[in-house]
């Protein structure tokens, strides 16, 4: 499903965040990208989610080479991914439900159908009762669950997350891990960049360990 | 198709929401756009009415044909025949005796005329062609000048030429004014949308990250610009109509004093809609420029 070959990313100024990283992820796998701070986890997350482009190497997802893709085609590729960011990137000028509906509006779904699916996604993460709440009124764990609901509402083939438990206490973090595991169980490919080792102990995922931009 | 419609419906709804979200700002923007469009639109209607006034003023756009002093009745008959054939309009004969009487009747001319040994005035024809355009009048003048026993042809077109030149100058000034205010409208929309893009930068950033195309991001701003421009255009049409309605009475009274039945022509629905469409187009251009520049920072 995902094949990375000799991926490298050098930022302007010369800093090389990734160097010759090659790996593959099969459909339905749960993969953990780990490493210490500055190892290149977030950079790899950004390359996988097409937020950034590699400076060398190729990244093929579902047969499409993302590295050589036209700029205008990238938004359509992103819709196949469910993205969960460390800082959630929620919109605080609207309700929880309206945050979840954003990907469905982008896809052009009629409002009624979008609301039905949005509520189902909120239900999956245990936030249906808070659908009208503004995200600012939610706890850190709830905000992260809301971000996950937004990521899965479009029924993506791949769920990509960057440090989803990074800002959470142990209990909230564990709840988030369980939600990812639930999606993995129903066949969603889950790729998570994290330094949280408890994932490995609980779910025994495939692990990609990065160190100074290299795959160990 | 359904998806396409759904996306456009959502963008239009979003534009309406943004317009109604801050009524005072919207009202002020509409006033600026409305006034910017009112001035050239009012000028256009005023020129149109002036043109109509010029065309309707009878007895002014005419050619005076003076016969030679030796012209006989037969010659006059021939000229009448030619006028019947070539001058598409009205004409009348002014015998030299009538001309002299009219001259005598003029203040201070009676003694001078009485002292003349004989009538120095020629027979004349006053021609009022239907086609009173300066070029058509000039062509007819040249044709008549070639007829036998015609001593002089005077095209009373000095004022026609002046009037035509005035209309052309007015039209040019109107175009300049329209371009100036059109640019103003584009600038107003540009700035409004730039502020909106700044205010919604978080939403735009997130939307792009989760798969929004450029078109998805831009569309609501385009609709907003076009909608704001169209509403401004309708406001301008209303202002022009109100102003003309207020002026119609006094102008009619003034025209009546000069013996004219002239009435102001008021713009109709087509003109109002054209103004709204023009506003929408300029608003869309402003939005296009603003969004293109403002979204660069998200690339």
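Any read-out appearing in this document is the output of simple, stated calculations on the displayed coordinates, not a laboratory observation. Model, not experiment: these values are computed from the prediction. Using ideal geometry, Cβ is built from the backbone for each residue, glycine included, and neighbour counts are taken over all protein chains shown.
Maximal additional length on extending the residue B:103-residue B:175 stretch stands at 21.3 nm, based on 0.36 nm per residue less the C-alpha distance.
Expected output is a single nm value to one decimal: the length gained when fully extending between residue B:168 and residue B:22, i.e. 0.36 nm times separation in residues minus the C-alpha distance. What is it?
Numbers: separation 146, 0.36 × 146 = 52.56 nm, distance 4.28 nm.
Full-extension gain reported as 48.3 nm.
If I fit a long axis through the Cα atoms of helix B:23-56 and take the longest principal axis of the Cα atoms of chain B, what angle between them do I get, 0 to 90°, rounded to 10? Approximately 20 degrees, to the nearest ten.
Placing dummy labels 7 Å off each Cα toward the beta-carbon, the span from residue B:183 to residue A:73 is 4.3 nm. Within the listed set B:52, B:226, B:202, the residue fluctuating most in the Gaussian network model of chain B (springs between alpha-carbon atoms under 10 angstrom) is B:202.
For residue B:114 and residue B:14 in one chain, what is 0.36 nm times their gap in residues minus the Cα-Cα distance, to one decimal in nm? The partial results should precede the final answer.
Numbers: separation 100, 0.36 × 100 = 36.00 nm, distance 8.72 nm.
Taking 0.36 nm per residue and subtracting the Cα distance, the gain is 27.3 nm.
Taking every residue in B:211-217 and counting other chain Cβ atoms within 10 Å of its Cβ, the average works out to 6.
How high is the relative contact order of region B:63-155, given as a whole-number percent (alpha carbon pairs under 8 Å, six or more residues apart)? Don't skip to the answer; put the middle values down first.
Working: 119 pairs, mean separation 47.9, N = 93.
Reported relative contact order: 52 percent.
Rounded to the nearest 10 degrees, what's the angle between the helix B:269-294 long axis and the longest principal axis of chain B, both from Cα atoms, 0 to 90? With rounding to tens, the tilt is 40 degrees.
So for chain A, averaging the separation of alpha carbon pairs under 8 Å that are six or more residues apart and normalising by length, what relative contact order in percent results? Could the numbers behind the result be given before it?
Working: 401 pairs, mean separation 66.9, N = 216.
Relative contact order here is 31 percent.
Any chance you could check the Cα centroid distance between region A:1-53 and region A:114-141 for me, in angstrom? Measuring centre to centre over Cα atoms gives 31 Å.
Report, as a whole number in µm² per second, the diffusion coefficient that Stokes-Einstein gives for region A:100-216 at 4 °C and 1.567 mPa s using the Kirkwood radius over alpha carbon pairs.
Working: Rh = 15.2 Å.
Estimated diffusion coefficient is 85 µm²/s.
So for A:11, B:258, fewest C-beta neighbours within 10 Å to most, what's the order? Could you put the intermediate results ahead of the total?
Working: A:11 11, B:258 8.
Fewest-to-most Cβ neighbours within 10 Å comes out as B:258, A:11.
Across all Cα atoms of region A:1-77, the radius of gyration (one decimal) and Dmax (whole number) stand at 12.3, 38 Å. By other beta-carbon atoms within 10 Å, ranking B:142, B:73 with the fewest at the front produces B:73, B:142.
Kindly provide the Kirkwood hydrodynamic radius of chain A in Å, to one decimal, from all pairs of distinct alpha carbon atoms.
Values: mean 1/r = 0.0568 Å⁻¹.
With all distinct Cα pairs of chain A included, I get 17.6 Å.
Antiparallel beta bridges, as assigned by DSSP with both residues in chain A, represent about 45 percent of the total such bridges.
Result for chain B in a Gaussian network model with C-alpha springs under 10 Å: among B:18, B:208, B:265, the largest mean-square fluctuation is at B:208. The angle between the Cα long axis of helix A:96-106 and the longest principal axis of the Cα atoms of chain A comes to about 60 degrees, rounded to the nearest 10. Note on chain A: helix-only mean residue ellipticity at 222 nm, from DSSP H runs of 4+ residues weighted -39500 (n - 2.57) and normalised by residue number, equals -10000 deg cm²/dmol.
Take every residue in peptide B:201-210, count the Cβ atoms of other chains within 10 Å of its Cβ, and give the average of those counts. Before the final figure, lay out each step's value.
Numbers: counts 0, 5, 4, 0, 2, 10, 6, 5, 10, 18.
Per residue, the average neighbour count from other chains is 6.
Our summary gives chain B a relative contact order of 28 percent, counting only alpha carbon pairs under 8 angstrom and 6 or more residues apart.
Going from the fewest other Cβ atoms within 10 Å to the most, the residues A:76, A:184 appear in the order A:76, A:184. Restricting the calculation to Cα atoms, the protein assembly as shown yields a radius of gyration followed by a Dmax of 40.0, 135 Å.
Could I get the Rg over Rh figure for chain B? Both from C-alpha atoms, Rh via Kirkwood, rounded to two places.
On the way: Rg = 31.0 Å, Rh = 24.4 Å.
Ratio value, two decimals: 1.27.
Using the C-alpha gyration tensor of region A:82-123, what are the square roots of 5 times its eigenvalues, in whole angstrom, with the largest one first?
Numbers: eigenvalues 63, 23, 22 Å².
Those come to 18, 11, 10 Å.
Please build a GNM for chain A, connecting alpha carbons under 10 Å apart, and tell me which residue among A:200, A:106, A:176 fluctuates the most. Ranking A:200, A:106, A:176 by mean-square fluctuation puts A:106 first. Just so you know, the Cα atoms of region B:63-155 work out to an Rg and Dmax of 14.4, 42 Å.
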